[in-house]
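Single-structure report; data block below.
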Amino acid sequence: MIRSLKILMITLVLIVASGVFSRLLAVQKGSENKGRFYFRQTCKECHTKGAVGGEITPLNKTMAQWRTYFAQGTHNHGKEPLVKHLPADQLLDASAFLIQHAADSPQPETCGK
Ligand code: HEC
């Protein structure tokens, strides 16, 4: 009786723990859809043709290049941190969007502009 209770408890703990863990993983990966929104709202202000930063779309880099870029985390020739323009959680979403739609990704995207 006590033994089966123990097994039940352990099973419950495992279920809860795996739920929390997968949610953490999801958060770490960032949301591509939210990222598209943040990228258009903030980054595109300076990154359309003729604007101060020049045109930038997901197609500017490969998936690996975007990963490296966000791992470094600096912007404008290394002069400032990327988080100057977007808070870290939104930046994670924006990076998910750019990586998932990079030039060599399965779904390359110009983000409609
Ligand atoms: C206030 C204007 C501004 C905003 C907002 C902005 N950028 Fe930039 N960005 C620039 C300028 C200026 C450069 C340098 C352009 C050049 O080389 O002539 C640049 C360069 C870049 C480059 C080329 C590599 C580098 O860093 O030098 C990338 C990629 C980039 N920005 C991505 C982003 C992303 C992603 C965001 C949103 C999180 C963003 N930018 C927001 C102005 C901006």
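The values are calculated or read from the model by the stated rules, or taken from the named source; none is laboratory data. No experiment lies behind these values; they were computed from the predicted model shown. Methodologically, a virtual Cβ is constructed for each residue, glycine included, from the backbone with ideal geometry; neighbour enumeration extends over all protein chains shown.
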query = Can Ala88 be described as touching a Phe, Trp or Tyr at 6+ places or on another chain (Cβ under 6 Å), of a type in the set (A, V, I, L, M, F, W, C) and assigned by TED's automatic domain parsing to the domain that holds Phe39?
reply = no
Boolean, Val27 is modelled with pLDDT under 95, of a type outside the set (Lys, Arg) and closer than 29 Å to Leu82 by Cα = yes
task = Report yes if some residue within the stretch 79-91 is β-branched (Val, Ile, Thr) and at pLDDT below 95; otherwise report no.
result = no
ask   = Taking the stretch 80-99 as the region of interest, how many residues are assigned to a helix (DSSP H, G or I) and within 7 Å of the ligand (Cβ to nearest atom)?
value = 4
key: Lone unmet requirement of (1) near the ligand (Cβ under 8 Å from one of its atoms); (2) touching a residue at least 60 places away in the same chain (Cβ under 8 Å); (3) farther than 17 Å from Thr110 by Cα for Gly30   = (1)
remark   = Checked against (1) within 12 Å of the ligand (Cβ to nearest atom); (2) loosely packed, with under 14 Cβ neighbours inside 10 Å; (3) among the hydroxyl-bearing types (Ser, Thr, Tyr), Thr110 satisfies every condition except (1)
ask   = Which of the residues that make up the stretch 51-79 are more than 9 Å from the ligand (Cβ to nearest atom) and touching a strand residue (DSSP E or B) at 6+ places or on another chain (Cβ under 8 Å)?
value = Gly73
message = Looking at the stretch 38-65, I want the residues that are closer than 22 Å to Ala88 by Cβ and acidic (Asp, Glu) and have a partner that is part of a helix (DSSP H, G or I) and within 10 Å of the ligand (Cβ to nearest atom) with Cβ atoms under 6 Å, at least 6 apart or on another chain. Which pairs are those?
response = none
message = Being under 11 Å from the mean Cα position of the chain (by Cα) and loosely packed, with under 14 Cβ neighbours inside 10 Å: is that true of Ala88 here?
response = yes
inquiry  = Kindly evaluate Lys44 against the criterion of being at pLDDT 95 or above, under 12 Å from the mean Cα position of the chain (by Cα) and assigned to a helix (DSSP H, G or I).
reply    = no
